[in-house]
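Report on the following structure.
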Amino acid sequence: NYRTTQFIDDFKDVPRVIMTATMTNFIECDLRKLYRLADATKFYTLMNRPNIHYSVVHTRGADLDQLSVDFADFIREKFQRPVSGLIYCWARDSTEIVMKEMTKIMPGWTFGVFHADRPSKEKLATLQGWMAGTINVIVCTIAFAMGINNACVRFVIHADMPDTLEGFVQESGRAGRD
């Protein structure tokens, strides 16, 4: 929570830097005020990432079983061998269902699941497996990937659209970091 600022008075002489991948003008103004950085220099770049291709793909159904088949078809069309990827779902139970379906219909690929209700040890093992390449795809909620930098991510699929454009940019921006 960026609004937690009680430490500022305790460390008055320590330089402060704010870094983020996405930020609205409202949040920037709020941060400058909260962190007393009104005159701070701003460095930024456009969010256009020419190495990322966006697609809207027609699916044959809205139920998770059919979506999983459609996701598998899309992935197989693009990649002949297992690669690293993310599939974002809105609901925690959806991540579990999609992960189980994808595991059944995509032999040779490994899938993990990540959401807030998973035990910490399981989440850590999933993250470590994904970073090491022993898990190819993580099916997750937005609880996953803040601050994660895996240069090998080749695709990000959204089973459900994020609430905000910033959320979409954050999540899709997990791909193509190399």
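The set of residues in the range 94-118 being polar (S, T, N, Q), surrounded by fewer than 19 Cβ atoms within 10 Å (Cβ to Cβ) and in a helix (DSSP H, G or I) consists of THR103 alone. Counting just the residues of the range 165-178 that are in contact (Cβ under 8 Å) with a residue 40 or more places away in the chain and in a helix (DSSP H, G or I), which one comes out surrounded by the fewest Cβ atoms within 10 Å (Cβ to Cβ)? Per the criteria, the residue is VAL169. Just one of (1) outside any strand (DSSP E or B); (2) in contact with a Leu (Cβ under 9 Å, 6 or more places away or on another chain); (3) of a type outside the set (Asp, Glu); (4) under 27 Å from ILE27 (Cβ atoms) fails for PRO162. It is (2).
Among the conditions (1) at pLDDT 95 or above; (2) more than 16 Å from the chain's Cα centre (by Cα), the only one that ASN51 does not satisfy is (1). Within the set ARG36, ARG81, ARG16, the sole residue that is open to solvent by 50 Å² or more (accessible area, probe 1.4 Å), closer than 30 Å to THR134 by Cα and free of Cβ contacts under 8 Å to residues at least 40 places away in the same chain turns out to be ARG81. Checking the structure you have, find out if any residue of the range 157-164 is crowded, with 17+ Cβ neighbours inside 10 Å, of a type outside the set (A, V, I, L, M, F, W, C) and more than 25 Å from PRO50 (Cβ to Cβ). Taking every residue of the range 157-164 in turn, none turns out to be crowded, with 17+ Cβ neighbours inside 10 Å, of a type outside the set (A, V, I, L, M, F, W, C) and more than 25 Å from PRO50 (Cβ to Cβ). The set of residues in the range 119-156 being basic (Lys, Arg) and surrounded by 12 or more Cβ atoms within 10 Å (Cβ to Cβ) consists of LYS123, ARG154. Search the range 113-127 for residues that are under 12 Å from ILE138 (Cα atoms) and modelled with pLDDT of 95 or more and pair each with any residue that is open to solvent by less than 70 Å² (accessible area, probe 1.4 Å) and acidic (Asp, Glu) when their beta-carbon atoms are under 7 Å apart and the residues are at least 6 apart or on different chains. Matching pairs, first to second residue: VAL113/GLU96. Among the residues here, ARG60 does not qualify as surrounded by 10 or more Cβ atoms within 10 Å (Cβ to Cβ), free of Cβ contacts under 8 Å to residues at least 24 places away in the same chain, in contact with an Asp or Glu (Cβ under 9 Å, 6 or more places away or on another chain) and not in a loop (DSSP other than H, G, I, E, B).
The values are calculated or read from the model by the stated rules, or taken from the named source; none is laboratory data. What you see is a predicted model, and the numbers here were worked out from it, not measured in a lab. Glycine gets a Cβ as well: all are built from the backbone with ideal geometry, and neighbour counts include every protein chain shown. Ligands, DNA and RNA are excluded from the accessible area calculation, which covers all protein heavy atoms including side chains. Shrake-Rupley method; radii C 1.70, N 1.55, O 1.52, S 1.80 Å.
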